[in-house]
1. Got at least one residue in region 197-206 being of a type in the set (S, T, N, Q), out of contact with any Gly (no Cβ under 8 Å at 6 or more places or on another chain) and within 19 Å of LEU92 (Cβ to Cβ)?
2. Only one of these is more than 18 Å from SER88 (Cα to Cα), buried (at least 17 other Cβ atoms within 10 Å of the Cβ) and within 21 Å of the chain's Cα centre (by Cα): VAL188, VAL164. Name it.
3. From the set of residues in region 191-208 that are among the polar types (S, T, N, Q) and over 22 Å from ILE109 (Cβ atoms), which is surrounded by the fewest Cβ atoms within 10 Å (Cβ to Cβ)?
4. For region 1-93, please list each of the helices (runs of 4 or more DSSP H) lying entirely inside it that holds at least 2 residues being out of contact with any Pro (no Cβ under 9 Å at 6 or more places or on another chain) and of a type in the set (Lys, Arg).
5. Given the conditions (1) over 30 Å from SER104 (Cβ atoms); (2) out of contact with any Ser or Thr (no Cβ under 9 Å at 6 or more places or on another chain); (3) not aromatic (Phe, Trp, Tyr), and given that LEU42 satisfies all but one, which numbered condition is not satisfied?
6. Say we look at region 124-150 and pick out the residues that are aromatic (Phe, Trp, Tyr) and under 21 Å from the mean Cα position of the chain (by Cα); which of these is nearest to PHE259 (Cα to Cα)?
7. Pick from LEU134, LEU199, LEU124, LEU185: which is closer than 16 Å to ASN254 by Cα and touching a residue at least 24 places away in the same chain (Cβ under 8 Å)?
Amino acid sequence: MTTLIEILKNSFIVLKKEPKLFLPKIFLSLLWGTLLLYSVNLLVEIQKINSISSIEIQMNLLNELYSSILFLAVFSFVFFLLDTIINSAYPLMIQKYLKKESFSVFNSIKTVLQNFWKIILPVLIVFFVSLIVLIPFTVLLSFSFVQKDFILSGILALIVVVIVFAVTVLFYFIYPVAVIEKKGLISVINTIKKSKNNLKEASFGTFIALILSVFSAFLAAFSETPEVSIIALLIFFLLRIITAILATYSMVLNPLLYFKK
């Protein structure tokens, strides 16, 4: 029986043999990067407006930014949907790899699109359920932090981490279950069953994914710069590519744990 450490190593082997697996996540990371730059620029503009003493002028300037804010909201949703579609292609590619069959990134994405509602709908439901569970605690955490109640903030932060871990474990196999089984909403229930029956694998995968996410968040924070220059942009997009590499590893590990024998 394949051990978890062996699967961890196998993920590197898969990526070494099939470097094209990096391309979708690099593409997504650069897309999100451009949107991030746009949102940072928009935030700077809003901060400038808030520094103006006249409320009337503030309102007029904010109204001028309305189309930009709407643009950000629409494209955030579009990119999120595209992200979900591309992520859903990974289990198909790994399944082909394990069967020692050639695979195409575009054909895998095409298969996902052909089964859009059976695959994407359960994934979106899991995302929104997770969001609903987390929102009350994150709001409380933000409120306590603003109030400078650092003891309560620390307790709430710990609770949020535990909830994130538990929810992620519960729905860890949503992508491979939704993609491989193609049973629509039933995939949500089957995902929970799969995670409960393979708790060690789901917990292990979640732990690795959270570590990679924390490291990626650190890179994102490090890449922020108040000045826009060629060097700063090069560093920013280099860090986005590193983030994509980490995300790719996580997306390869997930189906490998699902197919574990």
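1. Among the residues of region 197-206, not one is of a type in the set (S, T, N, Q), out of contact with any Gly (no Cβ under 8 Å at 6 or more places or on another chain) and within 19 Å of LEU92 (Cβ to Cβ), which makes the answer no.
2. Result: VAL164 is the single residue among VAL188, VAL164 that is more than 18 Å from SER88 (Cα to Cα), buried (at least 17 other Cβ atoms within 10 Å of the Cβ) and within 21 Å of the chain's Cα centre (by Cα).
3. So the residue we want is ASN197.
4. 4-17, 22-50
5. (2)
6. Selected residue: PHE127.
7. Just one listed residue meets the conditions, LEU199.
Table: residues versus (1) modelled with pLDDT of 90 or more; (2) within 30 Å of LEU30 (Cα to Cα); (3) not small (Gly, Ala, Ser).
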{"site": "VAL133", "(1), (2), (3)": "yes, yes, yes"}
{"site": "ILE163", "(1), (2), (3)": "yes, yes, yes"}
{"site": "GLU181", "(1), (2), (3)": "yes, no, yes"}
{"site": "LYS196", "(1), (2), (3)": "yes, no, yes"}
{"site": "THR206", "(1), (2), (3)": "yes, yes, yes"}
{"site": "VAL214", "(1), (2), (3)": "no, yes, yes"}
{"site": "ALA220", "(1), (2), (3)": "no, yes, no"}
{"site": "GLU227", "(1), (2), (3)": "no, yes, yes"}
{"site": "ILE230", "(1), (2), (3)": "no, yes, yes"}
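The values are calculated or read from the model by the stated rules, or taken from the named source; none is laboratory data. The structure presented is a predicted model; accordingly, all values stated were derived computationally and were not measured. Glycine gets a Cβ as well: all are built from the backbone with ideal geometry, and neighbour counts include every protein chain shown.
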